[in-house]
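Structure record follows, encoded as structure tokens.
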Amino acid sequence: MNRSSKSASLELVFLSLVLACAILPSAIRDFATERPKISVRIRDLPVDNLIDAVLTGDVDLAVGPDRPVSADVLSQSLFDSPWVLWCAPDHQLAKKRKVCWEDLRGHSLVAAGRDHEISVSLMHRNAPEGSRIMPVHVVDNISTAMGIASQGLAATLAPAYVGVMAQTFGLVMKRVVEPEVIRKVCLYQSKARQSTPAAEGFAMHLSNWLPRWAKHRSQGALRRGNQIVLNPHRLIEPPLVG
């Protein structure tokens, strides 16, 4: 990518706290080495406002979980990440190589935000009414859920990519299977408005940088024996509606 002699700025919204605070700053830093005159600003918005922010032009780009979009919004899949269980090393489930949904019964679960709460309920939506797995506690931030899990008060279900933060809490990761559910992380742009060269440049950068980052994280987890190989029987998490 050629260096630009023109100054420009763009605004992005990242719906995941982990993406915004622990992953994307590195992507922005690498982009800045090639395009130092482009300023990238991150905005935090509720997940329900993701598509509207792109449609109205409040942000130039958005990165977040797979969502239904209209014909005016372009959605590009960046990487897949399996939903896994995060728990303290001395948690009863930490002894298992992998965890089935049935194994979660009788264990306290904490969900990080309404997005995670809905996702967890959808993963087991075909189970009989009396046997569904539901979080017993919902907090606003993933860091709070991890703090609770680190003390053994509950375990939390979250995409594997949050491991970049979970490691700082000393949590261990366990695959959840039968079914294994996959979260898709996507890049969103408006098709109704012409993108600026700055936005197009950063969108191209993210479409290359984030898949490489996700692949590197997966390979690192395999070397540590955490078993997050995506299998052909995985279940893609349905786009969350509202």
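The values are calculated or read from the model by the stated rules, or taken from the named source; none is laboratory data. Here the structure is a predicted model, which means the values were calculated and not measured. Glycine also receives a Cβ, built like all others from the backbone with ideal geometry; neighbour counts cover every protein chain displayed. Remember, those area values only see protein heavy atoms, side chains included, never the ligands or the DNA or RNA. Shrake-Rupley method; radii C 1.70, N 1.55, O 1.52, S 1.80 Å.
Observations, loosely collected:
- GLN189 vs. criteria polar (S, T, N, Q), in a strand (DSSP E or B) and open to solvent by 10 Å² or more (accessible area, probe 1.4 Å): yes
- Just one of (1) at pLDDT below 90; (2) in contact with a strand residue (DSSP E or B) (Cβ under 8 Å, 6 or more places away or on another chain) fails for ASN2. It is (2).
Condition check ((1) under 22 Å from ARG29 (Cα atoms); (2) under 19 Å from the mean Cα position of the chain (by Cα); (3) surrounded by fewer than 21 Cβ atoms within 10 Å (Cβ to Cβ); (4) modelled with pLDDT under 95) across all residues:
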| position | (1), (2), (3), (4) |
| --- | --- |
| ARG125 | no, no, yes, yes |
| PRO135 | no, yes, yes, yes |
| ASP140 | no, yes, yes, yes |
| VAL176 | no, yes, no, yes |
| LYS184 | no, yes, yes, yes |
| THR196 | yes, no, yes, yes |
| HIS205 | yes, yes, yes, no |
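- Taking the conditions (1) open to solvent by 20 Å² or more (accessible area, probe 1.4 Å); (2) in a loop (DSSP other than H, G, I, E, B); (3) touching a strand residue (DSSP E or B) at 6+ places or on another chain (Cβ under 8 Å); (4) modelled with pLDDT of 85 or more in turn, LEU45 satisfies each one other than (4).
- Enumeration of residues in region 150-174 that are of a type in the set (A, V, I, L, M), modelled with pLDDT of 90 or more and part of a helix (DSSP H, G or I): ALA160, VAL162, MET165, ALA166
- Residue count for region 22-41 under the criterion of being open to solvent by 60 Å² or more (accessible area, probe 1.4 Å) and either under 12 Å from the mean Cα position of the chain (by Cα) or in contact (Cβ under 8 Å) with a residue 24 or more places away in the chain (or both): the result is 4.
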